[in-house]
Amino acid sequence: MNEIDSISIKELRNEIIQFNNDMNVQHQMKNIIILILFSLTSFSVFGQSLEIIMDNRRSIIDDSLSLIICNEDVSNYDLVNINSLTIIINGNNYNFSNIPNQLDYGIAYQVDLNSEQYSLYFSQISLLNIYSSQQIVDEPKVLADFILSDAINLQIVTSFCGIEYRGGASQSYPKKSYDIELWQDTNGDTNNRVPLLNMRDDDWVLLAMYNEPLRLRNIVNQNLWQSIHAPYYITQEPNAKSGINTLIPSM
């Protein structure tokens, strides 16, 4: 019995030693697992970056004003745990100086490109880009590229166009008004009859209204005139108007 008891005690001691060793190994493994989890958590909280890649046709950059305006659905972006935020336009990385809690419309965000600071706005107003290699004059119209980011119908409209200055005395103002025709080709032989912003496919006028800060006179006068006057041939052409369609973007 004593011998049996003695062997049992040895076995028990060995079991205890083995148990302690196992516990040490488990403790070490637990520490390793905790370290791995902490590292993963640290990466999740402190290591995320977000890049917003813009379609170039849905943005406007004015380098002279250090201004960027973009049509983008900002609700798509979750900035929780983001520590690096970049918007990519035309292949250039504009880095946010400060990471906001969320993106919103009409807010000026400071971004930089090669140490140059820009004010970035996200907008729900349609954006129009017109590029011409020729000098725009009163007449004739010169060839240009027309790119409309239609925020109403969520589409991009591209076309050749002819563009010229519009107006008389207003042409002396720093901000000009323009008359535009959409063209199917570079020669302008055939008009590209595309309706824009839910208005009819016709010639287009961009009114500067430089001397009208409230931007009300034109649309009020047009609506007043159309309320008191109708073309004499209105019965033959029910959609005819003696004036122009005007569009004031909703803010």
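Where a number appears in this text, it was derived from the coordinates with a stated rule and is not lab data. The model shown is predicted, which means the values in this text are computed figures rather than measured ones. Cβ coordinates were reconstructed from backbone atoms using ideal geometry, including for glycine residues, and neighbour counts include every protein chain displayed.
Observations on the model:
- Percent antiparallel among DSSP beta bridges (both partners in the range 48-122, rounded to 5): 60 percent
- Residue order, fewest to most surrounding Cβ atoms within 10 angstrom, among ARG58, ARG200: ARG200, ARG58
- Gyration tensor (alpha-carbon) shape descriptor, the range 127-211, a/c threshold 1.5: oblate
- Applied to the range 150-164, the Karplus parametrisation 6.51 cos²θ - 1.76 cosθ + 1.60 on θ = phi - 60° returns per-residue 3J(HN,Hα) values of 7, 7, 7, 9, 6, 9, 10, 10, 10, 6, 6, 8, x, 9, 8 Hz, with x for Gly and Pro.
- Alpha carbon centroid spacing (whole Å) that separates the range 193-228 from the range 91-166: 21 Å
- What the phi angles of the range 107-124 give under the Karplus curve with 6.51, -1.76 and 1.60, with θ = phi - 60°, is a coupling list of 9, 7, 9, 8, 10, 10, 10, 6, 6, 8, 8, 10, 9, 10, 10, 9, 10, 9 Hz, glycine and proline written as x.
- Among LEU103, LEU79, the order by Cβ neighbours within 10 angstrom, fewest to most, reads LEU79, LEU103.
- Ranked by how many other Cβ atoms sit within 10 Å of their own Cβ, fewest first, the residues LEU113, LEU67, LEU224 fall in the order LEU224, LEU67, LEU113.
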